Each structure stands twice: as C-alpha cells, then as structure tokens.
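Below you'll find the structure, written out as structure tokens, and then a few comments.
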Amino acid sequence: MDPSAVDSLSPLRAGKRAAILEGARAVFLREGFGGSNMDEVAQAAGVGKQTVYRHFGTKEALFESLLGEMCAGLFQPLAPEGRSLRDALRAIGESHVRTMTAPANLALLRIVVAEAERFPGLARRFHAAGATAPTTYVAAILLRETGISDSRAEELAATFLEMVKGPAFLRLLLGAAPSSWNESFERQIGEAVAYVSGQLPARSPAAR
C-alpha cells in the first residue's frame, strides 16, 4: 500500500493493519513464505481471515508489504560529526553489524534469498537498504574527509562493509549461536578500519 494511503486509514483500520503486519512478521519469519498461510496470520494478528484479505488481498501482497517495510528499516545513518574518521568508521561498522545480525534481519535475509526468484523486487529492495544505502553513506564520508575520487570512495566503502561482516556473518546466517562470534566481529571491524585507513592518502587524518 502506498504510504499516503496508509496515512489516510482510520485509526481502527490502521490498528488492524499494524496488527496484521505484526502477526505476519511472526508467521513468515518462523515458517517462511511457502510454509505459512493466511489462517495462521489471522490467528497471530487476532483478526478474522477476511479482515486480512480486505487489507492485503493476497498472501503475496501481504508478504511483499511486510518485507518491504522491514527492508526500509535496515539502514539508519549515524551522525559522524565530532569524531575522527577512524572513530566514525568504527561506529558505522559496529552499527552495521548490529543491524545485519539482529535475529529478525537474519531471518529476513534468509527468506529474501529463498524467495528471490519468486519476489525479485524484494531482493532488490533488501540489497538497496542493506548494501547500497550504507555503501553510499560511507563513501560520502570518505569523499568529504579525504578528497579521494568518487569511484575509489565507493570501492573502499563497499570493501569496508564486507570486511566488517566477514566470515562471522555467514556463520550466523547459517545458524551459529550469536554469542560465539562477538569477538570475531570486533576483530573484523578493527581490521576493516585499519585497511581503509591504510588505503587513504597520507595527508588524510585517518591515514596518519
């Protein structure tokens, strides 16, 4: 549903829509798309099945609405003002890892990968929110602070974000216990900051 249409809903309908999305979140993240049905969503939301259909029409439409909203919340930029470039990069790395390794977001990524062929638009939205947006953000900081070229800033930003996730992220995605990889992420973030700093011009504050 278009955001302006959502805003125009009555408080009662908006409340039911929110309840349906929350119920769908629990069901889809637990069962996936193929393993879930609208009866389960209605039960989890505390509404009738026909109410679910009135709001979303089809299971596919509900799935796309829910995952689209979840994807939109994947990237929240930090304010780097008052920090050194190294400190800003570390804070961004820590925030990115926290976001991408949140249980709901790991479950979201698993579903997006599993359903990418059926819902290619969701895969693109996930990539835009989880990869393109943070890469553009980091690249803009590097450009502002160092004066390197646009293409080099984009390249370093993408490498940085992949390094902070590193192999520990794949292990989590495949079901490893989160607590066992905390030190790995700390090490990966430190190595990513050091790598990017080492690639910057000698006059850059982060390279000194």
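Of the helices (runs of 4 or more DSSP H) that lie entirely inside region 69-166, those containing 1 or more residues that are within 19 Å of residue 185 (Cα to Cα) and not hydroxyl-bearing (Ser, Thr, Tyr) span 85-100, 103-114, 133-146. With respect to residue 63, is the statement that it is among the hydrophobic types (A, V, I, L, M, F, W, C) and part of a loop (DSSP other than H, G, I, E, B) true? In short, no.
Residues are listed down the side, and each one gets a yes or a no for (1) free of Cβ contacts under 8 Å to residues at least 24 places away in the same chain; (2) more than 25 Å from residue 167 (Cα to Cα):
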residue	(1), (2)
51	no, yes
62	no, yes
66	no, yes
69	no, yes
91	yes, no
97	no, no
102	yes, no
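Go over the candidates 121, 175, 130 one by one and state the one that is on the phi > 0 side of the Ramachandran plot and not assigned by TED's automatic domain parsing to the domain that holds residue 22. Sole residue among the options that is on the phi > 0 side of the Ramachandran plot and not assigned by TED's automatic domain parsing to the domain that holds residue 22: 175.
Evaluate the following for residue 147: is it on the phi > 0 side of the Ramachandran plot, at pLDDT below 95 and not basic (Lys, Arg)? Against the criterion (on the phi > 0 side of the Ramachandran plot, at pLDDT below 95 and not basic (Lys, Arg)), residue 147 qualifies. Of the residues that make up region 161-176, is at least one among the acidic types (Asp, Glu) and at pLDDT 90 or above? Yes: region 161-176 contains one or more residues that are among the acidic types (Asp, Glu) and at pLDDT 90 or above.
Does residue 141 qualify as being in contact (Cβ under 8 Å) with a residue 60 or more places away in the chain and either surrounded by 15 or more Cβ atoms within 10 Å (Cβ to Cβ) or within 30 Å of residue 31 (Cβ to Cβ) (or both)? Considered against the rule, which asks whether it is in contact (Cβ under 8 Å) with a residue 60 or more places away in the chain and either surrounded by 15 or more Cβ atoms within 10 Å (Cβ to Cβ) or within 30 Å of residue 31 (Cβ to Cβ) (or both), residue 141 comes out as yes.
On the given criteria, is residue 187 modelled with pLDDT under 95, touching a helix residue (DSSP H, G or I) at 6+ places or on another chain (Cβ under 7 Å) and either part of a loop (DSSP other than H, G, I, E, B) or of a type in the set (Lys, Arg) (or both)?
Working: modelled with pLDDT under 95: yes; touching a helix residue (DSSP H, G or I) at 6+ places or on another chain (Cβ under 7 Å): no; either part of a loop (DSSP other than H, G, I, E, B) or of a type in the set (Lys, Arg) (or both): yes.
No; evaluated as a whole, the condition is false for this residue.
Scanning region 92-120 for residues that are farther than 17 Å from residue 32 by Cα, of a type outside the set (A, V, I, L, M) and either loosely packed, with under 14 Cβ neighbours inside 10 Å or touching a helix residue (DSSP H, G or I) at 6+ places or on another chain (Cβ under 8 Å) (or both) returns 93, 94, 96, 98, 99, 101.
Take residue 89 and tell me if it is touching a helix residue (DSSP H, G or I) at 6+ places or on another chain (Cβ under 7 Å), assigned by TED's automatic domain parsing to the domain that holds residue 178, at pLDDT below 90 and not aromatic (Phe, Trp, Tyr). No.
Select from region 8-48 the residues that are of a type in the set (A, V, I, L, M) and assigned to a loop (DSSP other than H, G, I, E, B) and write down the one among them that is nearest to residue 114 (Cα to Cα). Can you show your working first?
Keep residues of region 8-48 that are of a type in the set (A, V, I, L, M), which gives 9, 12, 14, 18-21, 24, 26-27, 29, 38, 41-42, 44-45, 47.
This time we only want the ones that are assigned to a loop (DSSP other than H, G, I, E, B), so: 9, 47.
Working: 9: 33, 47: 28 Å.
So the residue we want is 47.
The values are calculated or read from the model by the stated rules, or taken from the named source; none is laboratory data. Keep in mind the model is a prediction, meaning the values are calculated, not measured. Backbone-built Cβ (ideal geometry, glycine too); neighbour counts: all protein chains shown.
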